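Quick notes on the structure that follows.
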Amino acid sequence: MTSTQAQDVSGRLFLAVGRLSRSLRQAGVPGPGHGAISALATLVNFGQLRLGDLAAKEGVAAATMSRIIASLVESGYVSRESDPVDRRAWLAKATEEGERLISGVRSTRVQELNRRLDRLTPEHRDALTAALPALEALIADEQD
């Protein structure tokens, strides 16, 4: 594959994944925005995290994460407490209500994705299934 072909594949993949993600988010239930849902999902997945660590995982500034967490605390989706190791830092944890919200959002988006997959030809579904290990490898380092 030439570098031009690789760039074309990269560009097409970037646009397709981004557009699919945005489309599935828009098909979801009303509530917190994408940044808040993403941060909450990270807390559900990883458990209690320091705000700085959560900001790093989400790729946002600490001040941005502080605002996101404040809104999630106000909504009852996250609890926040002082870090016993470093009293200057805060620990955030998803509440049961937050876990239910993420479960519902995932369910809604997965159902929508299932509807879209059902509309594909068997060949396209097979191609996506075959591509899953490669797609998962692209994000493997980010999930640690």
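The values are calculated or read from the model by the stated rules, or taken from the named source; none is laboratory data. These figures come from a predicted structure and were not determined experimentally. Ideal geometry is used to build each Cβ from the backbone, glycine not excepted, and the neighbour counts take in all protein chains shown. SASA here: full protein model, heavy atoms, side chains in, ligands and nucleic acids out. Shrake-Rupley method; radii C 1.70, N 1.55, O 1.52, S 1.80 Å.
Given Cα pairs under 8 Å that are at least 6 residues apart, what percent is the relative contact order of the chain? Don't skip to the end; give the middle numbers.
Working: 111 pairs, mean separation 32.4, N = 144.
Computed over the chain, the figure is 23 percent.
Given a Förster distance of 22 angstrom, what is the FRET efficiency for E97 paired with T64, based on the Cβ-Cβ distance and rounded to 0.05? Don't skip to the end; give the middle numbers.
Working: r = 23 Å, r/R0 = 1.03.
According to the calculation, E is roughly 0.45.
If you roll a 1.4 angstrom probe over the protein chains with everything in place, what fraction of the accessible area of the chain belongs to carbon and sulfur, to the nearest %? Intermediate results must be reported in sequence, preceding the final value.
On the way: 5310 of 9840 Å².
After summing per-atom areas, the C and S share lands at 54 percent.
Taking only DSSP H segments of four or more residues, each worth -39500 (n - 2.57), what value at 222 nm results for the chain once the sum is divided by all its residues, to the nearest 500 deg cm²/dmol? Could the numbers behind the result be given before it?
Values: 6 runs with 100 residues, N = 144.
For the chain, the value works out to -23000 deg cm²/dmol.
Of the chain, which part is the longest with no trypsin sites (Lys or Arg not before Pro) in a loop (DSSP not H, G, I, E, B) and with at most 16 other C-beta atoms within 10 angstrom?
On the way: sites that count: R87, R88, R119.
In short, 1-86.
Skip the ligands, DNA and RNA, and give the accessible area per residue of the chain with a 1.4 Å probe, whole Å². Could the numbers behind the result be given before it?
Details: 9840 Å² over 144 residues.
Accessible surface, normalised per residue, equals 68 Å².
Between G47, M1, G18, whose Cα lies farthest towards the positive end of the dipole of region 1-120 when Lys and Arg beta carbons carry +1 and Asp and Glu beta carbons carry -1, centred on the Cα centre?
M1
Could you calculate the contour length gain from N114 to L132, that is, 0.36 nm times the residue separation minus the distance between their Cα atoms, to one decimal place in nm? List each step's numbers first, then the result.
Numbers: separation 18, 0.36 × 18 = 6.48 nm, distance 1.50 nm.
So the chain would gain 5.0 nm between N114 and L132.
With springs only between Cα atoms under 10 Å apart, run a GNM on the chain and tell me which of V73, V44, V60 wobbles the most.
V60
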